[in-house]
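The values are calculated or read from the model by the stated rules, or taken from the named source; none is laboratory data. This one's a predicted model, so the numbers in the text were calculated from it and none came from an experiment. Cβ placement follows ideal geometry from the backbone for every residue including glycine, while neighbour counts extend to all protein chains displayed.
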Amino acid sequence: SQTIHQWPATLVQPVGSPLSLECTVEGTSNPNLYWYRQAAGRGLQLLFYSVGIGQISSEVPQNLSASRPQDRQFILSSKKLLLSDSGFYLCAWSVGASGVRFYEQYFGPGTRLTVT
Amino acid sequence: QQQVKQSPQSLIVQKGGISIINCAYENTAFDYFPWYQQFPGKGPALLIAIRPDVSEKKEGRFTISFNKSAKQFSLHIMDSQPGDSATYFCASPRSNYQLIWGAGTKLIIKP
């Protein structure tokens, strides 16, 4: 079966500090990978998605970046955090195949980031 | 920009009652409409999904009904239980492997 891991679970960082959040998926190959951010009590904002190693698409221009160094590893980074970067960061994956399964997304447990 | 309009924003239902959440979409890249359930502090989990070659799909107490001509779909939770208290999101496929998400409905089931 497939599992998705995210770490850390919680993080408190000062403004201007760097950020690195990691997500890994087990039990599948060539998944589509996604980073979302969720503000408190709000919906899901897609930040980045990737359909393969080194292939990253950005949805929202901001001070965040993403990388996919390995097939099942997705990293979210920032060089200098802003207060507005606080939120709940979610990684998700979907099957990299045709049809409905493209759109069945499975989420990790999330990282709660507080920028102070 | 494509949107999915979800309503209501919040909903309080008595235990045993029927919870109804509605979504309206503008366009879709693929005929597939999922609902996700999210508990506090957790990631969303796929609850139930429908392809509109059928007008209704039922899984246990959860039912999705779909109206293609109106571009609307809804989630019904029958015999609502306190354990159903969560935030529910609908979504619609967009091109390039993405989903367009509704804003979410916070459901509270009163015991």
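Kindly provide the set of residues from segment A:27-56 that are more than 12 Å from the chain's Cα centre (by Cα) and either hydroxyl-bearing (Ser, Thr, Tyr) or more than 8 Å from every other protein chain (Cβ to nearest Cβ) (or both), ordered by number.
To start, the set of residues in segment A:27-56 that are more than 12 Å from the chain's Cα centre (by Cα) comprises A:27-31, A:39-43, A:51-55.
The answer is A:GLY27, A:THR28, A:SER29, A:ASN30, A:PRO31, A:ALA39, A:ALA40, A:GLY52, A:ILE53, A:GLY54, A:GLN55.
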It is to be established whether one or more residues within segment A:18-32 are buried (at least 16 other Cβ atoms within 10 Å of the Cβ), in a strand (DSSP E or B) and at pLDDT below 95. yes
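Please give the strands (runs of 3 or more DSSP E) falling wholly within segment B:1-91 in which 2 or more residues are more than 10 Å from chain A (Cβ to nearest Cβ), among the hydrophobic types (A, V, I, L, M, F, W, C) and in contact with a strand residue (DSSP E or B) (Cβ under 9 Å, 6 or more places away or on another chain). Give the derivation first.
Details: elements: B:4-7, B:10-14, B:19-25, B:33-38, B:45-50, B:56-59, B:62-67, B:72-77.
Hits in segment B:1-91: B:10-14, B:19-25, B:45-50, B:62-67, B:72-77.
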